[in-house]
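The values are calculated or read from the model by the stated rules, or taken from the named source; none is laboratory data. Being a predicted model, the structure only gives us computed values, none of them experimental. We place every Cβ from the backbone using ideal geometry, glycine too, and count neighbours over all the protein chains shown. What goes into the accessible areas is simple: the full protein's heavy atoms, side chains included, and nothing from ligands, DNA or RNA. Shrake-Rupley method; radii C 1.70, N 1.55, O 1.52, S 1.80 Å.
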Amino acid sequence: MDGTFRIGWRFRKIKYLCAAANVFVVFVFYFIYRQLLLEAFPNFAGAPLALAFLGIGLAVAKCTVYIADKYARAISYQVTEEGLMVVQGRSVRTLPWAGFQGARLRTVFFQGPFPVEFQVDGESLVLNQYIDELYALTDEIFQRAPVGADISPELRKQAQAMRGVY
């Protein structure tokens, strides 16, 4: 591993689920429009309307996948000797290891498998929960955090135990 962590397989599952849901919504609108146009335009309510909505559905699915891929490519974390490099779109920040003051598990945060909130130079940092090897990245941060950082031993143990799972 080169120390770079990117969005991975869990996000791809969500991406394709969203594309399918968007296509489903488009076809729900097809049946609504079909009922509305059947009396006024009987020639348009059949195959032409179905083909139009099929095209719209495919375009929506393609746009969904394209936007999700663009989002996934724009986010990464890289572990360097100087600190944690956080890339979010065009924003690139390097958070020095000396700035990591502590970490805690966010219990009221229903977004992912390991929502650890880091305190870095007085600011909060929560890693993107769709990152591949999320526990490994968290463990890497724990290992490089300063000795006096407020990180519970249980949290460190959980990150080490689950390394390679997510």
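The stretch 92-166 and the stretch 1-55 have their alpha-carbon centroids 38 Å apart. Around GLN129, under 15 Å between beta carbons, what's the net of Lys plus Arg minus Asp minus Glu among the other residues? Taking every other residue near GLN129 into account, the sum is +3. For the stretch 94-139, what does the alpha-carbon gyration tensor say about shape, rounded, prolate or oblate, given a ≥ b ≥ c as the root eigenvalues, a/c under 1.5 as rounded, and a/b over b/c as prolate? Verdict is oblate for the stretch 94-139.
A Cα-only calculation for the stretch 90-166 places Rg and Dmax at 11.9, 35 Å. Against the chain, whose longest principal axis is taken from its Cα atoms, helix 47-73 shows a tilt of about 10°. Close amide H contacts of THR94 (hydrogens built in the peptide plane, cut-off under 5 Å, sequence separation of 5 or more or a different chain): VAL86. Evaluated over the chain, the count of Lys pairs having alpha-carbon atoms less than 24 Å apart is 5 (only pairs 8 or more residues apart or interchain). If you take Cα extents along the principal axes in Å from the coordinates, which of (1) 75, 30, 29; (2) 46, 33, 25; (3) 64, 42, 29 do you get? Derived directly from the coordinates: (1).
With respect to the chain, whose longest principal axis is taken over its alpha-carbon atoms, helix 9-37 is tilted by about 20°. Rolling a 1.4 Å probe over the protein heavy atoms gives the stretch 21-166 an accessible area of 61 Å² per residue. Here the stretch 1-145 is treated with +1 on each Lys and Arg Cβ and -1 on each Asp and Glu Cβ, and its dipole about the Cα centre works out to around 520 debye. Of the chymotrypsin sites (Phe, Trp or Tyr not before Pro) found in the stretch 59-146, the ones in coil according to DSSP and having at most 16 other Cβ atoms within 10 Å of their Cβ are PHE109, PHE110.
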